[in-house]
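Below is one structure, written out as structure tokens; comments come after it.
The values are calculated or read from the model by the stated rules, or taken from the named source; none is laboratory data. The model shown is predicted, which means the values in this text are computed figures rather than measured ones. Cβ placement follows ideal geometry from the backbone for every residue including glycine, while neighbour counts extend to all protein chains displayed.
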């Protein structure tokens, strides 16, 4: 890599040749404002907010799309540049509905922040906001094109990062807009509800469907018995909404906050994750040791992934683990096992799951198996963002809260359950248990480095006492097709399965990078969040799901044995093709 | 996504797709051909084109709506294109547009209720010496005046093109 | 068919040449888009029927492409042994019959139907040849002195040739077209002379001295000095049948290709391009050889050549005309370019609206493939090159290289940032050269005649010729090809025939929506990339739009802003919202509703668009606006400060009223009013209802007594 020397605002700097001016400027503590740019995405260079001057260039250049070169002299903030940026902002604001106070992004909107930083006090140009109806057809996210500033992040997320192609620019010029495929309602489009568009939207044009009102109502309804569970990835991310460093582990404070909100029992989805592993590892062992059973086994705890598979890769339905996702297990058990335990009428139990995910809102009614308790197993699923707003709305001084405890009998978790929140975590957790099930021996070292990290596809062959177990881990949806194609190729030629076990998560970094997590995720933040979970794992008394005493007790008291009839009834689901044109 | 009742995609279109699918520019070429055949791009055909080319439907719609040439709605039986090139503009083609809108009771890009007429503003027809010019189903009328419009429209209504 | 490709090519050249040199009469009908719109198909049909009906033998009726004489279409050229070749214009069905009966059957030229092909003028002061192929064509003078009129000249010439007993050889005929010389009427002595004639003495002088004695005649000012067309790009336009590869081959098509493939290395071709100094004709003016050389140096198995025929500038129609008239030159150039940079695939990206051009290209590709001039192992050279057409989307922004590539790839044509430039990573990320149609059309000629020859034409920094599309308020719209360096004033006066109705040329808009205006004082600027830029405009793709005093600069600015707003792809807010906001401000100015703050806003917005937009469309949208406002500041201020439109074009700023002392009550105004805003009894003073009046100006035009006042 060639190192070049340049000057930014007179400050000399050395940078690698392919660095953008934007990144180079950061190194010398110069922040160039951006709007359409996002580090996750391919540079689109639309908004023009990041323009800078380069000596010898007639025009201004976009810092996000221009790489440094030797001898370059860059100026980033002279009055002319600032004036151009300000005019562009004023133009954007002239087509934006100025209803910040009612906007879901009020307080954390990137456009609002820029307007504040540039000291915009009036919009000199004719106001021409567009008036288009919001699309609330999916249970997960709302698309409000009137607020859209056409930065194109969502389109790039949906097409390039997720490979889904549910969103596209339609029209041109002033009629340009973001719309679902061929203008159908979003729910009829290829959308997999991953919500990455909402997590990347700089303004309030795409956001999670806020269902906190239903929860507030339930909490005040004396007839009901509100219970709650939190997903692994929530505990390492919610702190960002309260000024903590990303990755700070806040399980105890969340438990306390939930209790203060009025929930009568606090469960942990990590327990459900442990249970998932015991079932899934059993499935795996079954398939691995029986010939003709479909391999690879593919994880199914990500509802966006299962939605994708049902729509676009139904040939893999036989490969799917039939175990429901962890929060659904807790949901079913809360209205059966727990209800029986406390002798509560299950119809009165109001189960809320706090998830890093927008897709879970869709999952809770996706099929009749989500009603296995005889009731809707999960009543409402909230995202991390919704919970953080509820905590603030309730006047809870979150950072000052003492740590609380989860409630038995669905609250104790092993380290395997908690790492579910990071890409590769489900695989690692499954390996720990599957190894024990297959080899009848416990691992001496339970951690696997092969499964960790942010690389899009991770492949490894794990030694199962002499038998190599070929695994693949894919996350952020655009990476999955290459993995599936390899499997297909071997399958079509009737060869030995290319992989034995595959983990797929729709979001980049896994659930820590979920579409319902606090705004502003980057790879650096995803790594910090994942690190928080791995720390949690190390702190756990038990590192393997099958050793979780609460899980063992559950089988003894209620479920019988893994994959047994009761387990099948409450813990498993099935999949069917939902052919969707893409 | 619901595709609706599948419109029969003509053999000619399917053959053309097969012939051109791997060439650069295939999508545009095929969309142009579809439009020539149907006078617009029916939804079902657009979806079929996407399927045949292995291109996401969203992309096909993105391309269709990017182009002022492609229509997703069936135009009127008599499709009027009013030239807005420089020469025509300088010859007050705006007046012709206004007069047509008034006579037909529709705006630019609209279709009359009876499906007879539609109006579109088009880039230069290339008949600058005939400014202001308009074309009806490809036939060019030059040096058009407000008063002639009524006759031109009546001729369209009367004869079968 | 054992012949090699090259032998076949030669045999076609020999055979057809022989056929064409036979003593036959040819009638060539111009068949470009605008000729067809003007009715040339009917004319062609009439000729064929009439000739058959009259049993005339040895007449070939052919179609050719565009002659570049839009305002004279349909044009027909009649070439007969023993009679000068004559160009008839604005030919109708009846006119065609007349030509058959009079010209072909009786060998007499038809009066009042002949048009002039501009730029054929010569300054020779002697008639080199005369005899049976001589004809005197007299052009009426629209604005000159009528003391010695066209009819007088006609009579005198007719009488004198009889006197001199030349009447059997020399035909005297009046042209249909009028000229605008102040010094007298134009008299063309075919085949190759022209004089201005203002007295009986001139007539005698021409006949006695110039024609009979072949002596130099000093008394008659020679015309059009230094203002002739030089046809390189349009060398075959209007000469060959664009739907016949044989016709093209006879006219030297594919000679350059043969030379390239068999006598030059790719490096030598690039060197030749460098010597020629050819710069891109699409607007950028980037040196063609540099692009080629960059692409040549890329190490890649796949490379592409794209011909950009996505002509979108309002007021430019040259690319369409070139393709319609001579499609083979484009194919030939692309194969040469492919050979030079090492590409095996060419794509012609052409506007979907250009149906005729597309049809002709398709046919040309098919025919070239059949003759082995495209495809595998071209002419046995071992070089393989394929070519296909991609139809454009009608989006102006796709003329931008990266937008065009996106379109070809089947994506939305939104430009992306550069670098990487297409020559390193273009279509499907392969090295790609994108050349404009006109640029390419020069290449076979450069390869054939050498870069040195090319660079001797034009100016030092802008070599060769430029095809210009003339439109606006000119007497003659059309296409001309002039050497670089030709003064713009001459182009307007000679080829454009000056401004219609004898009005003053207020300014000339050049460079399309990215260019600017050149005012009357600056019209002497040479046609050149650099000189025109120095005058605050640009050469661009060669659109020349003349405006006169009836055109308002605010209205013209509105036209370009409307165009920009319609064509914006929408990617950059500065362009998407900026152009619309600017348009809105100009609409307010035109409506008399503007405020002084908006004056400053215009410049803020222009700056944001120029600096904050990504592609050439957005960054250059302000060019014509700033140019108009700075060149015509007082007119701009009159709108804002005085709410006055000096050109009487902005309707909200003008009123029409009837002067009672002049109105005789003829009712003409009332009958011309489209909205019944004028009332009054016959022979009584009429009144305009200002509420109803839409200020269309019809009454102003209709009144014969100057009784309508416009303020």
Subject >> Of the criteria (1) away from chain C (no Cβ under 11 Å); (2) modelled with pLDDT under 95; (3) surrounded by fewer than 19 Cβ atoms within 10 Å (Cβ to Cβ), which one residue A:104 fails >> reply: (3)
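Let's see how each residue does on (1) buried (at least 22 other Cβ atoms within 10 Å of the Cβ); (2) touching a helix residue (DSSP H, G or I) at 6+ places or on another chain (Cβ under 8 Å):
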{"site": "B:21", "(1), (2)": "no, yes"}
{"site": "B:24", "(1), (2)": "yes, yes"}
{"site": "B:55", "(1), (2)": "no, yes"}
{"site": "B:61", "(1), (2)": "yes, yes"}
{"site": "B:66", "(1), (2)": "yes, no"}
{"site": "B:81", "(1), (2)": "no, no"}
{"site": "B:87", "(1), (2)": "yes, yes"}
Original post:
Just one of A:143, A:170, A:150 is in contact (Cβ under 8 Å) with a residue 40 or more places away in the chain, within 14 Å of chain C (Cβ to nearest Cβ) and under 27 Å from residue B:72 (Cβ atoms); which is it?
Top reply: A:150
Original post:
Where in segment A:295-363 are there helices (runs of 4 or more DSSP H), lying wholly inside it, with at least 3 residues that are surrounded by 22 or more Cβ atoms within 10 Å (Cβ to Cβ)?
Top reply: A:303-312, A:326-333, A:359-363
Original post:
Can you find a residue in segment B:116-133 that is outside any loop (DSSP other than H, G, I, E, B), within 30 Å of residue C:676 (Cβ to Cβ), touching a helix residue (DSSP H, G or I) at 6+ places or on another chain (Cβ under 6 Å) and at the interface with chain C (Cβ under 10 Å from one of its Cβ atoms)?
Top reply: no
**OP:** Would you point out which residue out of C:347, C:365 is within 14 Å of chain B (Cβ to nearest Cβ), assigned to a helix (DSSP H, G or I) and in contact with a helix residue (DSSP H, G or I) (Cβ under 9 Å, 6 or more places away or on another chain)?
**Re:** C:365
Original post:
Among the residues of segment C:624-644, which ones are touching a helix residue (DSSP H, G or I) at 6+ places or on another chain (Cβ under 7 Å) and over 23 Å from residue C:538 (Cα atoms)?
Top reply: C:639, C:640, C:643, C:644
Subject >> Criterion: over 30 Å from residue C:178 (Cβ atoms) and in contact with a strand residue (DSSP E or B) (Cβ under 9 Å, 6 or more places away or on another chain) - qualifying residue of C:445, C:406, C:430, C:507 >> reply: C:430
Original post:
What are the residues in segment C:633-648 that are surrounded by 20 or more Cβ atoms within 10 Å (Cβ to Cβ) and not in a helix (DSSP H, G or I), if any?
Top reply: C:645, C:647
**OP:** May I ask you to verify whether residue C:379 is touching a helix residue (DSSP H, G or I) at 6+ places or on another chain (Cβ under 7 Å), modelled with pLDDT under 95 and part of a helix (DSSP H, G or I)?
**Re:** yes
Subject >> Yes/no for residue A:512 being part of a helix (DSSP H, G or I) and surrounded by fewer than 24 Cβ atoms within 10 Å (Cβ to Cβ) >> reply: no
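Every residue, every condition in (1) closer than 16 Å to residue A:43 by Cβ; (2) in a strand (DSSP E or B); (3) at pLDDT 95 or above, yes or no:
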residue: A:155; (1), (2), (3): yes, no, yes
residue: A:159; (1), (2), (3): yes, no, yes
residue: A:164; (1), (2), (3): no, no, yes
residue: A:169; (1), (2), (3): no, yes, yes
residue: A:174; (1), (2), (3): no, no, no
Subject >> Residue in segment C:556-573 that is touching a residue at least 60 places away in the same chain (Cβ under 8 Å), in a strand (DSSP E or B) and crowded, with 23+ Cβ neighbours inside 10 Å present >> reply: no
Original post:
Do you know which residues across segment A:552-578 are at positive phi and surrounded by fewer than 17 Cβ atoms within 10 Å (Cβ to Cβ)?
Top reply: A:560
Original post:
Do the conditions hold for residue B:42, that is, is it touching a strand residue (DSSP E or B) at 6+ places or on another chain (Cβ under 6 Å), modelled with pLDDT of 90 or more and more than 13 Å from chain C (Cβ to nearest Cβ)?
Top reply: no
**OP:** Any chance you could count how many residues in segment C:434-466 are more than 14 Å from chain B (Cβ to nearest Cβ), within 22 Å of residue C:396 (Cα to Cα) and not in a helix (DSSP H, G or I)?
**Re:** 3
Subject >> Qualifying residues in segment C:38-74 (those that are within 13 Å of chain B (Cβ to nearest Cβ) and surrounded by fewer than 24 Cβ atoms within 10 Å (Cβ to Cβ)) - the one nearest to the chain's Cα centre (by Cα) >> reply: C:71
Original post:
Is it fair to say residue B:28 is within 10 Å of chain C (Cβ to nearest Cβ), at pLDDT 90 or above and surrounded by fewer than 21 Cβ atoms within 10 Å (Cβ to Cβ)?
Top reply: no
Original post:
Where residues in segment C:653-669 are within 30 Å of residue C:593 (Cα to Cα) and buried (at least 16 other Cβ atoms within 10 Å of the Cβ), which of them is farthest from the other protein chains (Cβ to nearest Cβ)?
Top reply: C:658
Original post:
Name the residues in segment A:35-86 that are under 29 Å from residue C:601 (Cβ atoms), free of Cβ contacts under 8 Å to residues at least 24 places away in the same chain and facing chain C (nearest Cβ under 9 Å), would you?
Top reply: A:45, A:59, A:62, A:83
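For every residue, the table says whether it meets (1) more than 27 Å from residue C:33 (Cα to Cα); (2) more than 14 Å from chain A (Cβ to nearest Cβ).
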position	(1), (2)
C:514	no, no
C:538	yes, no
C:556	no, yes
C:566	no, no
C:582	yes, no
Original post:
Within segment A:252-264, can one find any residue that is part of a strand (DSSP E or B), in contact with a strand residue (DSSP E or B) (Cβ under 8 Å, 6 or more places away or on another chain) and buried (at least 22 other Cβ atoms within 10 Å of the Cβ)?
Top reply: no
**OP:** Out of A:550, A:531, A:524, A:567, report the one residue that is at pLDDT below 95 and farther than 18 Å from residue A:321 by Cβ.
**Re:** A:550
Original post:
Is there a residue in segment A:227-238 that is surrounded by fewer than 24 Cβ atoms within 10 Å (Cβ to Cβ), at pLDDT 95 or above and touching a helix residue (DSSP H, G or I) at 6+ places or on another chain (Cβ under 7 Å)?
Top reply: no
**OP:** Return only the number of the condition from (1) touching a helix residue (DSSP H, G or I) at 6+ places or on another chain (Cβ under 6 Å); (2) surrounded by fewer than 24 Cβ atoms within 10 Å (Cβ to Cβ) that residue C:267 does not satisfy.
**Re:** (1)
Subject >> Enumeration of residues in segment A:453-466 that are modelled with pLDDT under 95, surrounded by fewer than 17 Cβ atoms within 10 Å (Cβ to Cβ), in contact with a helix residue (DSSP H, G or I) (Cβ under 8 Å, 6 or more places away or on another chain) and not in a loop (DSSP other than H, G, I, E, B) >> reply: A:464
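I want to confirm something. Restricting to segment B:61-96 and keeping residues that are away from chain C (no Cβ under 12 Å) and in contact with a strand residue (DSSP E or B) (Cβ under 6 Å, 6 or more places away or on another chain), which single residue is nearest to residue B:144 (Cα to Cα)?
Of everything passing the filter in segment B:61-96, B:82 is nearest to residue B:144 (Cα to Cα).
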